[in-house]
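Structure first, commentary second.
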Amino acid sequence: MVNKGETLGIVGESGCGKSVTALSVLRLIPEPGRIVSGHIWFKDRDVASYSREELREYRGNDVSMIFQDPMTSLNPVLRVGFQIKEAMVAHERFDNKTADERVVPMLQKVRISDPKERAKNYPHQFSGGMRQRAMIAMGLSNEPDLLIADEPTTALDVTVQAQIIELLRDLNRDMGTAVVLITHNLAVVASLCTRVIVMYAGRIVESGPTRQIFNSPQHPYTWSLLQSIPRIDSTQHDKLLTIAGLPPDLSNPPPGCLFHPRCRFRVDRCSKEEPPLEEVGPEQAARCWVLMKNALAGAEPVR
Amino acid sequence: MSAQDSHVKQSPAYEMALVRVEDVVKHFPIGTGLFGGQAVRAVDGVSFEVRSGETLGLVGESGCGKSTLGRVIAQLQPATAGHVFFRDTDLVRLHGEKLRRMRQQMQMIFQDPYASLNPRMTVGDIIGEPLQNFGIARGKERERRINEVMRTCGLNPNFIRRYPHEFSGGQRQRIGIARALVLNPTFIVADEPISALDVSIQAQIVNLLEDLQDRFKLTYLFIAHDLSVVRHLSDRVAVMYLGKIVEIADSKEIYLNPLHPYTKALLSSIPIPDPDLEAQREPILLKGEIPSPVNPPTGCRFHTRCPIAQFPKCSEEEPPLEEKAAGHRAACHFAGQL
């Protein structure tokens, strides 16, 4: 669930299903994949039941998406300004003339300097950070309620990443656009999002308010991830905690909890029954039989 | 405290420079004819030393020249000018067999474990190839050493006849490390060895690199853009910007007391996985992006993005990399003023 105007972070490793989840929201799953079951509710209506026409309306107008590598999302032979205008005209939200007039202010909004001249440039004349800004401008040009950003800063340098995060934060605040940020970088989530979903092997293993998740993670996977990343502000040198093994092969998943083969807190039950995603605190839910509050208080970890 | 004092406190092993880089320049010429004479100035006059037994972290954003510098030091690419001393030998002047012999001492670990392993060779052959090349071990002895180094790197020796595609990214990086290690080198250049790996696998490789260093008394030049990992692994850190080193100091010192405005901005840009701290932090946002190394800015190369640049001094005079505190060097006219 994403609330109106909220910033939600979806974190997980590659192959955990976070991008596929986001693509499902837009019904963009590539063949032969399909949504086997479940619903996607957008403002009380199920996206899965939308007709082609309705989908066209919904994509871009209601929800838009930006991707990791902006170069592959931009057409190299069309001017950036034209591509932004095209996004608006295609959705018939604005007529040709209004769309034209909106291009430069949109570029300005995403803080591209000299927007009037820059609109006439081709994508290759833009730097990586500017391309991502242009994509954001395009995504926001139809004033959607929700912007899904799939690893928007992964290909960028840290100083540029900081600029893009700041931009997303300001746009969320000023335009009220809800933002779903998909990333493998927990620190980026901590800096931008108010709520977090942690995914592992295609499932949500934990969700809750960001502060809660970082201060008191209940799923061992969340806890281990937080312990395994070095921090720029750490003052003593501790060995990093490692998560043994690899994420499971999803065509042949382990029985019970999908994380149990790598979990240092597992109990017998973990390999037999899959735990449900249950409430563990105010607005916080975790999919675990043990939970970290018990694991850290009680018995010695396995291994 | 003078520079001498700071040396007294350190263990004797630190005092000796294993690798000394002096005024190294690496230019890549681009175009001919009309545009002839232009060059990408990837590394443009860099001097520092790597002390025996330490890990020196080399950080910077993409395009700053850090990988090129690593390759020049490892003699995978010839320097345009300057010297790289390994102990007392100037590697830049070595050629042919003499240089090849020196390579036993210095090995490299690469970023992409998918691209750096030959897909047609078995793991055993990949790891054992250096032994053959240097005529060190053959037959049973070769096999024994491969087995041993595989075990050291956390690989199951039973997989010796498998091919790289049968391994995960983390395991492939272990293969790359095993290959670097099999010759018992003293110095390893690791170029972004973990950035292609998943978060939960990165810690495994970081810990392995630390263990190996302890066990075999290795000296590392650790090149990375992730400053959190660099801080974790390094004794000292050098920050590079547009082909120059702008600051170099002890790891703790550089994080607590960065003197160059670029280092400071870089550090402040890195998010911390703690929402409470993040809420209080205000990153120093730099204007624009790293300029082209074909035509770097005059004076201080950072002046176009620097929040404290003063004109015309910064745009005309290039600041030297000078000692500003004991063991702490920075190249800035207004060091410590941001």
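The values are calculated or read from the model by the stated rules, or taken from the named source; none is laboratory data. What you see is a predicted model; the values in this text were computed from it and never measured. Methodologically, a virtual Cβ is constructed for each residue, glycine included, from the backbone with ideal geometry; neighbour enumeration extends over all protein chains shown. The protein model used for the area step is the full one, side chains on, heavy atoms only, and it has no ligands, DNA or RNA in it. Shrake-Rupley method; radii C 1.70, N 1.55, O 1.52, S 1.80 Å.
When the distances between all Cα atoms of the stretch A:45-113 are binned every 10 Å from zero, what whole-number percent does each bin get? Result returned by the calculation: 17, 43, 32, 8, 0.
Between residue B:47 and residue B:102, take the C-beta separation as r, use R0 = 25 Å, and let me know the FRET efficiency to the nearest 0.05.
On the way: r = 20 Å, r/R0 = 0.82.
That gives a FRET efficiency of 0.75.
Each of B:159, B:136, B:239 was scored by the projection of its Cα onto the charge dipole of chain B, and the greatest displacement toward the positive side belongs to B:136; charges sit on the C-beta of Lys, Arg, Asp and Glu.
Report Rg/Rh for chain A, rounded to two decimals, where Rg is the Cα radius of gyration and Rh the Kirkwood radius. Kindly include the intermediate steps, with their values, before the conclusion.
On the way: Rg = 21.1 Å, Rh = 20.9 Å.
Answer for chain A: 1.01.
Dipole size in debye (nearest 20) for the protein assembly as shown around its Cα centre, Lys and Arg Cβ +1, Asp and Glu Cβ -1? Spell out each step's value before the answer.
Working: 75 positive and 75 negative charges, 287 e Å.
Roughly 1380 debye, rounded to the nearest 20.
Over the stretch A:121-179, average the accessible area per residue using a 1.4 Å probe and give it in Å², no decimals. List each step's numbers first, then the result.
Working: 1590 Å² over 59 residues.
In whole numbers, the stretch A:121-179 has 27 Å² accessible per residue.
Interface burial in the stretch A:138-162, defined as at least 10 Å² less accessible area with all protein chains than with the chain alone at a 1.4 Å probe, covers A:157, A:158, A:159, A:160, A:161, A:162.
Each label point was placed 7 Å from the Cα along the Cα-to-Cβ direction; for residue A:53 and residue B:147 their separation is 7.4 nm. Considering only alpha-carbon pairs that sit under 8 angstrom and 6 or more positions apart, the relative contact order computed for the stretch A:136-215 is 25 percent.
Phi angles of the stretch A:44-56 translate, via the Karplus equation with coefficients 6.51, -1.76, 1.60 and θ = phi - 60°, into HN-Hα couplings of 6, 10, 8, 4, 5, 9, 5, 7, 4, 4, 4, 4, 4 Hz per residue; Gly and Pro are given as x.
When exposed loop sites are taken as trypsin sites (Lys or Arg not before Pro) in a DSSP loop with at most 10 other Cβ atoms within 10 Å, the longest stretch of chain B clear of them is B:121-338. Modelled this way, with points 7 Å down the Cα-to-C-beta line, the labels at residue A:6 and residue B:166 are 4.7 nm from one another. Residues of the stretch A:172-198 whose accessible area, computed with a 1.4 Å probe over protein heavy atoms, drops by at least 30 Å² once all protein chains are present relative to their chain alone are A:184, A:187, A:190, A:191.
Placing a label point 7 Å from the Cα of residue B:281 along the Cα-to-Cβ direction, the residues of the stretch B:47-90 whose backbone N falls under 19 Å of that point are B:59-62.
The fraction of accessible area contributed by carbon and sulfur in the protein assembly as shown is 50 percent, rounded to a whole number (1.4 Å probe; ligands and nucleic acids excluded).
Taking the average, over residues, of other Cβ atoms within 10 Å as the packing measure, peptides B:127-135, A:63-71 rank A:63-71, B:127-135 from highest down.
For the stretch B:173-259, the alpha carbon positions stretch 39, 28, 24 Å along the principal axes, listed from largest to smallest. What residues of the stretch B:171-211 lie in the reach of a label at residue B:133, counting those whose backbone N is under 17 Å from a point 7 Å from the Cα along Cα→Cβ? Counting only backbone N, you get B:175-191.
Once the chain from residue B:214 to residue B:76 is taken as fully extended at 0.36 nm per residue, the excess over their C-alpha distance is 47.0 nm. Considering Cα pairs under 8 angstrom that are at least six residues apart, work out the relative contact order of the stretch B:215-331 and quote it in whole percent. It comes to 24 percent, rounded to a whole number.
The rule of thumb for compact globular proteins, 2.2 N^0.38 Å, goes into the C-alpha radius of gyration of chain B 1.05 times.
In square nanometres, what is one fourth of the surface area of the convex hull spanned by the alpha carbons of the stretch B:98-232?
Answer in nm², one decimal: 8.0.
Out of B:257, B:331, B:311, whose Cα points farthest toward the positive end of the dipole of the stretch B:246-338 (charges: +1 Lys, Arg; -1 Asp, Glu; placed on Cβ)? Going by the charge dipole, the pick is B:311. Taken along the Cα-to-beta-carbon direction at a fixed 7 Å, the label points for residue B:23 and residue A:296 span 5.6 nm. Per the accessible-area calculation with a 1.4 Å probe, the total area buried between chain A and chain B rounds to 3700 Å².
Annotation: average projected area of the stretch B:58-159 is 8.6 square nanometres, based on the convex hull of Cα atoms across all directions. Just going by the charge dipole of chain B, with Lys and Arg at +1 and Asp and Glu at -1 on Cβ, which of B:43, B:19, B:266 is farthest out on the positive end? Farthest towards the positive pole: B:19. With all protein chains kept in place, the per residue accessible area of chain B amounts to 44 square angstrom at a probe of 1.4 angstrom.
With the cut-off at 1.5 for a/c, could you classify the protein assembly as shown from its C-alpha gyration tensor as rounded, prolate or oblate? Numbers along the way, then the final one.
On the way: a/c = 1.71, a/b = 1.21, b/c = 1.41.
Taking the square roots of the gyration eigenvalues as a ≥ b ≥ c, the protein assembly as shown is oblate.
The angle between the Cα long axis of helix A:158-175 and the longest principal axis of the Cα atoms of chain A comes to about 70 degrees, rounded to the nearest 10. Karplus-based coupling profile of the stretch B:120-127, in residue order and whole Hz: 8, 9, 6, 4, x, 5, 4, 6, with θ = phi - 60° in 6.51 cos²θ - 1.76 cosθ + 1.60 and x standing for Gly or Pro. Using all pairs of distinct alpha-carbon atoms, the Kirkwood hydrodynamic radius of the stretch A:170-273 works out to 15.6 angstrom. The alpha carbon centroids of the stretch A:111-170 and the stretch B:74-117 are separated by 40 Å. Taking a point 7 Å out from the Cα of residue A:27 in the direction of its Cβ, the residues of the stretch A:44-60 whose backbone N falls within less than 14 Å of it are A:45-60.
Subtracting the Cα-Cα distance from 0.36 nm times the residue separation, let me have the gained length for residue A:241 to residue A:71 in nm, one decimal.
57.6 nm
Using bins of 10 Å that start at zero, the share of Cα-Cα pairs per bin across the stretch B:222-338 amounts to 13, 44, 34, 8, 0, in whole %. Using only side-chain charges placed at the Cβ, +1 for Lys and Arg and -1 for Asp and Glu, the dipole size of the stretch A:58-179 relative to its Cα centre rounds to 340 debye.
Residues whose amide H comes within less than 5 Å of that of residue A:200, counting only those at least five positions distant or on another chain, are A:205 (H built at 1.01 Å from N in the peptide plane). With a Förster radius of 51 Å applied to the beta-carbon distance between residue B:140 and residue A:121, the computed FRET efficiency rounds to 0.20.
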